Amino acid sequence: MSGGVILRYPSLHILTVDDQAGVRCLLDAIVREEGHISYLASNGMEAVEMVKIIRPHLIFMDIRMPVMDGTKALEKIKELGYKFDVVIMTAFTENDVIDRAHKNGVIKCIIKPFDVEDIREVLREVAQKKYSQVSAL
């Protein structure tokens with residue numbers, strides 16, 4: 001047995017919103033492997049409804065989706081008064097879309113196809129931040 005210390009943070013509630021089932025499944029697996037609770041939505045409208053119920057700590061949000069896109073969903077969530085950490089995922093790098101997203105609470109933009117380690121890093125950063133906030137109380 002090695003003498004290393006493994007630092008674990010409390011489980012977070014993570015919502016992944018993407019119209020591609022493969023992306024949702026991949027993020028679901030990563031979130032669970034990191035010890036967090038995973039929720040999935042396939043469009044922005046589903047995301048808005050789920051946010052009202054689960055109040056996630058972090059949302060991974062695709063931008064381009066049918067029914068309601070990610071930018072519109074973030075605007076609706078903000079209108080409802082909810083504040084969460086949000087990471088947008090997009091294959092497109094239009095600056096106006098990314099700028100609009102940042103105005104709605106986005107902490108990071110990940111360009112698709114993404115590296116799995118980028119997702120793990122975000123999860124660890126948010127967990128550490130949330131843990132620090134709780135510890136400070």
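Mind checking which residues of the range 9-22 are out of contact with any strand residue (DSSP E or B) (no Cβ under 7 Å at 6 or more places or on another chain) and closer than 19 Å to Pro66 by Cα?
Going through the range 9-22, the residues out of contact with any strand residue (DSSP E or B) (no Cβ under 7 Å at 6 or more places or on another chain) turn out to be 9-10, 20-22.
Matches in the range 9-22: Gln20, Ala21, Gly22.
Would you confirm whether or not the range 27-44 contains a residue that is within 16 Å of Ile111 (Cα to Cα) and not charged (D, E, K, R)? Taking every residue of the range 27-44 in turn, at least one turns out to be within 16 Å of Ile111 (Cα to Cα) and not charged (D, E, K, R). Pairing each residue of the range 69-94 that is touching a residue at least 12 places away in the same chain (Cβ under 8 Å) with any residue that is of a type in the set (Asp, Glu) and outside any strand (DSSP E or B), provided the two are 6+ apart or on different chains, yields C-beta distances under 7 Å for Met89/Asp18.
Just so you know, in the range 35-68 the residues that are among the charged types (D, E, K, R), touching a residue at least 24 places away in the same chain (Cβ under 8 Å) and touching a strand residue (DSSP E or B) at 6+ places or on another chain (Cβ under 9 Å) include one that is nearest to Tyr131 (Cα to Cα), and it is Arg55. Answer with yes or no whether His102 is at pLDDT 85 or above, surrounded by 13 or more Cβ atoms within 10 Å (Cβ to Cβ) and not aromatic (Phe, Trp, Tyr). When the stated conditions are applied, His102 does not pass them.
The values are calculated or read from the model by the stated rules, or taken from the named source; none is laboratory data. The shown structure was predicted, so the numbers you read here are calculated from the model rather than taken from an experiment. A quick note on method: Cβ atoms are made from the backbone with ideal geometry, for glycine too, and the neighbour counts reach across all protein chains shown.
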